[in-house]
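The values are calculated or read from the model by the stated rules, or taken from the named source; none is laboratory data. Not measured: the values here are computed from a predicted model. Backbone-built Cβ (ideal geometry, glycine too); neighbour counts: all protein chains shown. These accessible areas exclude ligands, DNA and RNA; they are computed on the full protein's heavy atoms, side chains included. Shrake-Rupley method; radii C 1.70, N 1.55, O 1.52, S 1.80 Å.
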Amino acid sequence: MSVLRALVLAWRDLLRPRILGVVALGVGLTLLLFVALQAAAFWAIRAFAPDSLTLPWIGPVEIAAFLSWGSLVLFPVMSIFLMAPVAAGFAGLFAERVADAVEAAHYPAAKGLSVDFLDGLLESLAVVGLVILVTLVTLALTPFLGPLASVLFYLGNGWLLGREFFQMAARRHLHAPQATALRKARAAQATGLGVLIALLLTVPVLNVLVPVLAAAGFTHLYHLTASSPRYPRG
């Protein structure tokens, strides 16, 4: 129940003024990233694809323009497969601002301390690499695993995202070893929420909101499940 409650509370938080600004910034940066990737794919095809291809009984067929403009259909596909690493990277950039706003609104008597930005960013980049690896492995195994490849994708990314976001939420209140111990003790809840986040990340349009939702949701999950004594980080 704590997982679903954390997710519901996070959805409500998206309309809070302090979080709404982060939502707008996150959506803008995400769309900018996807537009840049789409433009790179478009011009790469234009630059390297042959202008025409000669087919038996048909003759030369112009394909460069067709392929480059046809690449625009990749935009929604990219959003499905790239939003998981984008969300992991988001943790190192904006999760602190979201967590601070959530705790100020819901848990003012138990506000945490900000995690060092560089430490959070470096940890996030490591997780981004793992998320990309899981995605590539899933794509490579899809012809062999069939529907099970989707299970691998969601479970693998759910575990990685749950690990990253819960660890960052806990680090605001605990020293690193204690935060890690709590994350391991709450691994089922963290992975459960991570899988739900991974599912939402593959919903086009909606998924641009999910990185902010994840940061808020795991902040709530920490406070809903951290029944053990908190350790001062000072």
Query raised in the report: For segment 167-194, what are the residues that are open to solvent by less than 30 Å² (accessible area, probe 1.4 Å), more than 18 Å from Ala101 (Cα to Cα) and aliphatic (A, V, I, L, M)?
Result: Leu174, Ala179, Leu182, Ala190, Leu193
Query raised in the report: If we keep just the residues of segment 128-144 that are under 18 Å from Leu199 (Cβ atoms), of a type in the set (A, V, I, L, M, F, W, C) and open to solvent by less than 70 Å² (accessible area, probe 1.4 Å), which is nearest to the chain's Cα centre (by Cα)?
Result: Val131
Query raised in the report: If the Cβ limit is 8 Å and pairs must be 6+ apart or interchain, which residue in segment 186-201 that is free of Cβ contacts under 8 Å to residues at least 24 places away in the same chain pairs with which residue that is assigned to a helix (DSSP H, G or I) and open to solvent by 30 Å² or more (accessible area, probe 1.4 Å)?
Result: Leu200/Leu206
